[in-house]
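Okay, so here's the structure we're looking at.
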Amino acid sequence: MKSYLSLIPISAKVRKRQNRMTVLCIIISVFLVTAIFSVADMMIRTESDFMISNHGNWHIAIKNISQNNVDEISNRSDVTAVGVASQFNFEGEQPYRVNEKRTVLYGTDEVYITQISNGIVEGTFPANDEEVMLTPNSVTALGVQLGDSVTLHTPAGDRTFTISGFGTDDESYYNNQTYLIGSYLTQSAFTSVMAQNGVTNNELTYYVQFESAAKAANAITELQTQYQLSDGSISENTGVMGMAGQSNNTAMQSMYGLAAILFVLVLLAGILMISGSMNSIIAQRTQFFGMLRCIGASRQQIIRFVRLEALNWCKTAVPIGVVFGTIISWIICATLHYGIGGEFSTTPVFQISPVGLISGVVVGVVTVFLAAQSPAKRAAKVSPISAVSGNVDNKSSVKHAIKFSLGKIDNSLGIHHAVEKKKNWFLMTASFALTIMLVFSFSVILDFAKQLVPSLSVTSADIALSSYANKMDIERNLVDEIKKIDGVANAYGSSYVENIPATSSRAGIDHINIVSYDDTLLDYSKGSIAQGSLDTVYGNSNKVATVFNRNNSLHIGDTIQFAGEEVEITCALSQGLFGDDLIIICSQETFDRIMGGTKYGLIGIQLDSNATEETIAEIRSLENDDIIITDQREGNKQNNATYWAARIVCYGFLAIIGVISLFNIVNSISMSVSARIKQYGAMRAVGMDNRQLKRMISAEAYTYAISGLIVGCGIGLPLSRFLYNRLITHYFGIEWRFPILWFGIVVAFIFISAIVSVYAPAKRIRNMPITATINEL
């Protein structure tokens, strides 16, 4: 033997069974980190592709800048492309049409369409001013194909163009509707059409693509200073920049911080589990380390021995943890790809994540190294004299007898065993507490995800009929006719008027927007009440509701005067049909009395499972020049897919964390029993029966469980409230309530874990002969 470190592989073989639990702890920790980072990597890839496909592959957009300055930006070494675009008649309310359909006019260049937006579906970008690229929905709306001629009708006259291609930079806007199409012209053709019609206020927007989001973030301030651009002249592509971690958006930065907090909590759970297991092993080997001291090993050598022994376990545990973590990430990604679909239909499946592998290895090794610090120092403090005398387990003197306050000695002994070693008690309590904190935190994230998905609202519609430019042109009896269509589950109507002059009991309000809800909508809205009561809003009354928003200065109790009437706000909703700034919601009867309306501006249609394409066709037959029909089913499907993906990921990680905690307490109780096996043998020798031993072990487990529950709830509930206020109350107005369901789940899990942890150690003691447990006494 050249050094004490040569004993490490020998010790590993001799104590293979005892070390198995610690190795398993390391495997689980590495597995957890690898799975989290691998899934996160695949989610970032998926969301990045989704953001690029929906918002364009650009990083910043610049307005109010000269062409010379744009040319200079294009020549920067960190810029890969600059495209230009402008638009006119975005909602189609002005008399510009392609053949018989309303149209939005775009003036762009080939770089913007092909490289920035990747928007061409078929054909090519217009090669000259006589060609046009139409949005893909024009194939259905106009019945045209490549090479056909179409006529652009404008107030100043008509122009004929040849279709060179189909494509768009805004697929979601044109998908599943036929009332409005987009016409993409060359920049010179667009300028000519605008000049002919006397339109001079269309500004150009330049979209800049950098080599990376990081370089784009660094260039924003530089460009603003260099070209003296005013505030608001530069905007970022929040989706693309946010997914790269480079967004300046305050909401995105808050998400980064919350993600970091949750990751640290998960990492701490792994450290505590490994550290607890190693502490238990050191407690059983104090005599071994004392004997090493007797033959000349220094404290520093003992510390190095424990650290290297822990790292030696990584040779087996880390590869296994990485493999299982990768497999679990594949299962999660496959579930999202094939089971959820929608925007997750492009989620990579069965791909190796370098980020996940490196994170699993590095974080696993670092976690083990950090977890070994405390046990190593503890082993180094073992006295050689104690090792020789055999009193290694009795370092601390007993100052007083155990108090039998619980009436039975077995319960008192179990509690004493739990609290005797403060560090082990702390680690067990902290492990339970972290689990509870993570459960409460992830429950808030699920609630937040649900609020972000509008299709989960009971008011969400599959098909929407609306008027152009917020006009009220839809006859009210149309709702009853639509309800009779086979495949329609329900329908509701609403009217909307904006910018009504008003005064309020709250200063700073000079106008409001008013929307009517029929009884069906009011019934649905009871599921999104954030504050107050909606009952007083029904019928012909002076009570109204509003939609909570941090930019909305209207609150419950405010009175508003407009159109010769005074109304009082008695309810705030977390979600609404229309915009949520300075908006009040009233019943249809109240709206008719104040505004004198006779028609709807919106009809929402909810389909049942029997809906067919004939149902959709019958509804579409109602479309005319004043009523537009939007099919929102695909968007709702994608939103639902996003929410289910969030649930799968959150529940998956909660299950993993729960397994870790369960394994930790089972392992710790088992280690504790092994460390005291001679004591238990002596107790059995003097008359303690198996039932009393089981109660003693149970009391120890319940002590850990109760202390963990107290600390976990004491920290987890305030943390839950903090996250809830930051994510939900701040944006949706819903007040935090005590999470009774999750609290019940936590309590049940903790005590079930304690019950399960007692079974194996108690069985092991029961099956061991008394002589086998005390033969070394």
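The values are calculated or read from the model by the stated rules, or taken from the named source; none is laboratory data. Predicted model, so just to flag it, every value in this text is computed and none were measured. So basically every Cβ, Gly included, is an ideal-geometry build from the backbone, and we count neighbours across all protein chains shown.
Suppose we keep only residues that are among the hydroxyl-bearing types (Ser, Thr, Tyr) and buried (at least 16 other Cβ atoms within 10 Å of the Cβ) within the stretch 499-518. Which one would you say is nearest to residue 594 (Cα to Cα)?
The qualifying residue nearest to residue 594 (Cα to Cα) is 516.
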### Message
Out of everything in the stretch 732-758 that is hydrophobic (A, V, I, L, M, F, W, C), touching a residue at least 40 places away in the same chain (Cβ under 8 Å) and closer than 27 Å to residue 451 by Cα, what residue ends up being surrounded by the most Cβ atoms within 10 Å (Cβ to Cβ)?
### Response
746
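A quick yes/no check of all residues on (1) in the same structural domain as residue 527 (by TED's automatic domain parsing); (2) among the aliphatic types (A, V, I, L, M); (3) in contact with a helix residue (DSSP H, G or I) (Cβ under 7 Å, 6 or more places away or on another chain); (4) within 30 Å of residue 547 (Cα to Cα):
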position: 681; (1), (2), (3), (4): no, no, yes, no
position: 691; (1), (2), (3), (4): no, no, no, no
position: 713; (1), (2), (3), (4): no, no, yes, no
position: 717; (1), (2), (3), (4): no, yes, yes, yes
position: 723; (1), (2), (3), (4): no, yes, yes, yes
position: 744; (1), (2), (3), (4): no, no, no, no
position: 760; (1), (2), (3), (4): no, yes, yes, no
### Residues satisfying the stated conditions in the stretch 80-93, i.e. in contact (Cβ under 8 Å) with a residue 40 or more places away in the chain and outside any strand (DSSP E or B)
91, 92, 93
### Residue match in the stretch 338-347 (condition: farther than 18 Å from residue 645 by Cα and modelled with pLDDT of 80 or more)
no
### Task
Just need a number here: residues in the stretch 158-199 that are among the hydroxyl-bearing types (Ser, Thr, Tyr), part of a strand (DSSP E or B) and either within 20 Å of residue 143 (Cα to Cα) or assigned by TED's automatic domain parsing to the domain that holds residue 622 (or both).
5
### Test for residue 604: is it in the same structural domain as residue 479 (by TED's automatic domain parsing), without any contact (Cβ under 8 Å) to a residue 24 or more places away in the chain and out of contact with any Lys or Arg (no Cβ under 9 Å at 6 or more places or on another chain)
no
### Task
For the stretch 125-164, name all the residues that are of a type in the set (D, E, K, R) and in contact (Cβ under 8 Å) with a residue 60 or more places away in the chain.
129
### Message
Taking the conditions exactly as written (touching a Ser or Thr at 6+ places or on another chain (Cβ under 7 Å), at pLDDT below 85, surrounded by fewer than 18 Cβ atoms within 10 Å (Cβ to Cβ) and not in a loop (DSSP other than H, G, I, E, B)), does residue 640 satisfy them or not?
### Response
yes
### Residue among 536, 520 that alone is outside any loop (DSSP other than H, G, I, E, B), closer than 22 Å to residue 492 by Cα, touching a residue at least 24 places away in the same chain (Cβ under 8 Å) and out of contact with any helix residue (DSSP H, G or I) (no Cβ under 9 Å at 6 or more places or on another chain)
536
### Query
Looking at this structure, is residue 99 modelled with pLDDT of 90 or more and polar (S, T, N, Q)?
yes
### Task
Output the residues belonging to the stretch 556-605 that are of a type in the set (S, T, N, Q) and at pLDDT 90 or above.
559, 561, 570, 587, 588, 590
### Query
Limited to the stretch 493-517, what total is found for residues that are in a loop (DSSP other than H, G, I, E, B) and among the aliphatic types (A, V, I, L, M)?
3
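Could you check the stretch 111-157 and list, in sequence order, the residues that are assigned to a strand (DSSP E or B), of a type in the set (Val, Ile, Thr) and more than 26 Å from residue 57 (Cβ to Cβ)?
Listed by number, the residues that qualify are 150, 151, 154.
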### Message
Could you check the stretch 578-607 and list, in sequence order, the residues that are under 13 Å from residue 521 (Cβ atoms) and either in a strand (DSSP E or B) or basic (Lys, Arg) (or both)?
### Response
585, 586, 587, 600, 602, 603, 604, 605, 606
## Note on the structure
Flagged pairs (Cβ under 6 angstrom, 6 or more apart or on separate chains; first in the stretch 683-697, in contact (Cβ under 8 Å) with a residue 24 or more places away in the chain; second of a type in the set (D, E, K, R)) are 690/766; 692/410; 695/410; 696/410
